[in-house]
1. Testing the spin-label approximation: label points 7 Å from Cα along Cα→Cβ at THR222 and ASP310. State their distance in nm.
2. Going by the alpha-carbon gyration tensor, a ≥ b ≥ c the square roots of its eigenvalues, is segment 44-183 rounded (a/c under 1.5) or, if a/c is not under 1.5, prolate (a/b greater than b/c) versus oblate?
3. Output the 0 to 90 degree angle, nearest 10, between the alpha-carbon long axis of helix 25-35 and the longest principal axis computed from the alpha carbons of the chain.
4. Please sort by residue number the trypsin sites (Lys or Arg not before Pro) in segment 105-153 whose DSSP state is loop and whose Cβ has at most 16 other Cβ atoms within 10 Å.
5. Given points 7 Å out from each Cα along the Cα-Cβ axis, report the ALA239 to ALA258 separation in nanometres with one decimal.
6. Under a 5 Å amide H to amide H cut-off, with H placed in plane at 1.01 Å, what residues pair with GLY77 once short-range neighbours are removed?
7. What does the charge add up to near PHE370, with Lys and Arg as +1, Asp and Glu as -1, over the other residues with Cβ less than 9 Å from its Cβ?
8. Name the residue, out of THR175, THR30, THR222, whose mean-square fluctuation peaks in a Gaussian network model built on the chain with Cα pairs under 10 Å.
Amino acid sequence: MFPDVPDTGLPLSGLRVLDVTIWQQGPYSTAMLADFGADVIKIEGPDSPDPGRGLTAGGLPGKLNGYFETNNRNKRGIVIDLKHPEGRQVLLKLAETADVIVSNMRLGVLDRLGLSYEDVKARNPKIIYAVGSGYGPKGPHAQWPAMDTLGQARSGMMMMVGAPDQPPTFSTVNTADQVGGMMLSYGILLALWHRARTGEGQRVDGSLLGGQIVLQAHHIATSLINETVPERRFRSDAAPLWNSYKCRDGRYLTLSMAQFGRWWPNFAAAMGLERLAEDERFCTVQAMLTNRVELVAILDEVFATRDQWDWVNDLCEKGLAVAPVQDYGQLEDDPQVVANRYIQTVPHPSGQTLKLVAPAIELETTPGTFRRVAPEFGEHTEEILIEAGYDWDQIGHLREVGAVGAK
């Protein structure tokens, strides 16, 4: 189904990861490791599959599940009942030869199952025990439930998005889950590097709240240093050269030119508005900001005379900092997305094709690869157990008592 792309030779080949995660934060962190060669084993319960399996592409029947496929690519799947005593022993046996175990269950869930860090460490002292939490491992609210939008809300992110006259707005692209997963993957790699030098395993935590705070690091630092709380802004409050404009075809572009002296004369000339560069209303930074509403109105009229990409090509070729505001439908044909293969087409056993977002980090010699689609529920159960040293009689017993395998 796939080109012959072996795991060996990739940066993380030989690394084994036990993935006890659901939804997005945890699964995406391990998918990042799998892209670069890690053998990631996705563990689900017989009566508790990853809820992400239930999501489809916009609810359309017959369409592949882009959410689950994205977050679980390149993994193998096994079904283990961790509430069953023999199922617990299976996981601990797998942990003996694993490098990393990752979970994003609510804090305390694995502890109650006898699968705490100390439990796993007793079987494998070098294990990296990684936890994707909601609000961090310490503090009075460490065990509170948390989801993506709650991380956005508590971190201050929602108070920075949208116009001032609108209620707080959350991002629909799951920034807390996605950034939380990236930070967790980063933490795992740091712990692995420490272990390579010292032989020591350790616990790692990456939280939704922490990831969202890091995402806003300089904004938060500036606010705290200045002892001010930034307010959301209307478009009319933004600087004219740091703003978005509607073009003739109904699409938008955005300008990002903060250094007045560097950009303004050349931009005015490129727009055919040379006269404005000498206009006393706009000839200094302060004057332009004072009269921003007037200048934005002028630029609105001019940008409405040509299509989005006409303007973008013209202005960028003249060295100006401009970009199209694109929807997802435009991304597939964006020449930079195509050239850098940020979106790749992957064959699927169903006969359909998946268009998946590739790793955005480019390693020249050992790039990340798509080697398998997301596993079917328990698809590799027997294969993984045989690798762990179980024989067919033992596997049959485990299935019979309900410790492994789908019911």
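1. Between THR222 and ASP310, the label points sit 3.5 nm apart.
2. On the way: a/c = 2.48, a/b = 1.48, b/c = 1.68.
Taking the square roots of the gyration eigenvalues as a ≥ b ≥ c, segment 44-183 is oblate.
3. Relative to the chain, helix 25-35 is tipped by roughly 80 degrees.
4. ARG106, LYS126, LYS138
5. 0.7
6. LYS42, GLU379, HIS380
7. On the way: positive: ARG73, ARG371, ARG372; negative: ASP35.
Net local charge, PHE370 excluded: +2.
8. THR222
Read-outs: derived from the displayed coordinates by stated rules, not from any lab. Predicted model, so just to flag it, every value in this text is computed and none were measured. Glycine gets a Cβ as well: all are built from the backbone with ideal geometry, and neighbour counts include every protein chain shown.
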